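Chemist: Please read through the structure below; I'll follow up with questions.
The values are calculated or read from the model by the stated rules, or taken from the named source; none is laboratory data. All values derive from a computational prediction rather than experimental measurement. Every residue, glycine as well, gets a Cβ built from its backbone with ideal geometry; the counts of neighbours run over all protein chains shown. Protein only, heavy atoms only, side chains kept; ligands, DNA and RNA dropped before computing areas. Shrake-Rupley method; radii C 1.70, N 1.55, O 1.52, S 1.80 Å.
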Amino acid sequence: MYPQRVLSGMRPTGALHLGHYHGVLKNWVRLQSEYECLFFVADWHALTTHYDNPQMVGENVWQMVVDWLAAGIDPNQVTLFIQSRVPEHAELHLLLSMCTPLGWLERVPTYKDQQERLSEKDLSTYGFLGYPLLQSADILIYRAGHVPVGEDQVPHVELTREVARRFNHLYGREPDFELKAEEAVKKLGSKRARLVRELRTRFQEQGDEPALEQAKAVLQETQNLTMDDRELLFGYLEGARRLILVEPQALLTEASRLTGLDGQKMSKSYNNTIGLREDPDSVVKKIRTMPTDPARVRRSDPGNPENCPVWTLHNVYTSDEQRSWADQGCRSAGIGCLECKQPVIDAVLAEQAVFNERARPYLEEPDLVKSIVADGCEKARDLAKQTMRDVREAMGLNY
Ligand code: TRP
Ligand code: SF4
């Protein structure tokens with residue numbers, strides 16, 4: 001019914017690092033040529049946790065967009081925008097908040113988790129509780145079919161599905177739906193129409209699932225139905241309402257295999273990252289001083305790559321051949337750790353050279369980025385306005 005749109009957002013809370021690239025951005029780049037993609041800077045989301053320092057958010061917005069472009073996001077293929085420039089997100093969030101049970105938000109796992117993890121901040125705010133609902137509005141306002149996210153965000157997409165279902169249930173009743181559906185049933189011919197009505201009753205009154213399946217099959221094999229009629233009749237069968245908001249699917253991003261410099265997950269809060277666009281000297285220094293298998297105290301001690309954080313970089317950055325050389329050299333103490341690290345250093349530097357090259361025109365001419373984002377905001381806003389028109393109409397707010 002609606003195009004398979006992909007939507008995702010990122011909070012502008014700091015410079016992006018290689019963990020973001022291998023965990024998220026590479027996936028976005030892959031998706032951009034397969035789907036209609038919208039990617040946005042979730043600046044309001046950043047405020048839910050950084051409301052005490054909104055300036056930081058502003059500073060990161062443009063840098064983050066440059067990082068996306070550096071990573072290979074193609075502004076000619078995707079729509080890039082900033083959440084707060086499409087104020088319709090806030091309107092939908094508000095309207096959804098009217099009919100979203102408090103308990104749905106309180107039981108989102110990230111709510112309690114984050115409050116505990118960021119205990120130095122006061123996150124007992126209205127905005128923080130509403131964060132996942134704002135995310136639902138972000139997704140639903142574009143009728144996105146797929147939402148690429150990491151595992152921690154899956155409950156938010158699940159909430160979004162529930163919110164959409166509830167909204168459609170409450171407001172999706174079209175005044176003349178039954179009438180229209182009856183007309184469409186008649187087009188099936190009297191024999192089929194009778195069968196479909198009978199099966200529908202069995203499903204709706206007794207929850208008879210096979211009857212529903214059978215009725216759907218009848219509709220599928222009826223040749224001369226229009227798409228609209230078929231859609232209408234599916235709704236008629238299930239007792240579903242008109243779909244004003246579309247239930248999205250999470251597109252699970254494979255967790256990044258990239259660990260940080262200390263072997264923990266690469267994350268700004270652990271201070272173990274390599275930036276997406278970092279000074280080469282600093283990259284070299286960071287990798288050279290990275291800890292290795294603790295068993296290799298001396299050069300002559302054999303090691304085991306399985307116990308070495310550098311190995312996770314090898315897995316992402318080097319060839320099979322280089323890895324088997326490093327694996328043998330490590331286990332036999334044939335090579336030293338600095339030797340082993342060299343191909344990784346070379347590969348990271350080569351990757352960064354590409355990122356820097358892509359970023360250069362935007363750094364030289366920041367207006368370029370602004371104009372890409374301005375275009376994106378306009379496009380996004382057009383789409384958002386369409387949905388809001390339907391939403392207001394469904395709720396009877398178009399007086
Ligand atoms: N909550 C997401 C995160 O922290 C960011 C985000 C906001 C998002 N709105 C979204 C992701 C909509 C996907 C879709 O990573
Ligand atoms: Fe790690 Fe390589 Fe040193 Fe082995 S040789 S411990 S894999 S850095």
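For (1) polar (S, T, N, Q); (2) surrounded by fewer than 18 Cβ atoms within 10 Å (Cβ to Cβ); (3) assigned to a helix (DSSP H, G or I), each residue gets a yes or a no:
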position: Ala164; (1), (2), (3): no, no, yes
position: Arg173; (1), (2), (3): no, yes, no
position: Lys180; (1), (2), (3): no, yes, yes
position: Leu199; (1), (2), (3): no, no, yes
position: Gln214; (1), (2), (3): yes, yes, yes
position: Leu225; (1), (2), (3): no, yes, no
position: Asp229; (1), (2), (3): no, no, yes
position: Tyr236; (1), (2), (3): no, no, yes
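Chemist: Residue check: is Val57 over 23 Å from Arg277 (Cβ atoms) and either aliphatic (A, V, I, L, M) or without any contact (Cβ under 8 Å) to a residue 12 or more places away in the chain (or both)?
Modeler: Taking the combined requirement at face value, the residue does not satisfy it.
Chemist: Of Gly303, Gly263, Gly275, which residue is open to solvent by less than 90 Å² (accessible area, probe 1.4 Å) and at positive phi?
Modeler: Result: Gly263 is the single residue among Gly303, Gly263, Gly275 that is open to solvent by less than 90 Å² (accessible area, probe 1.4 Å) and at positive phi.
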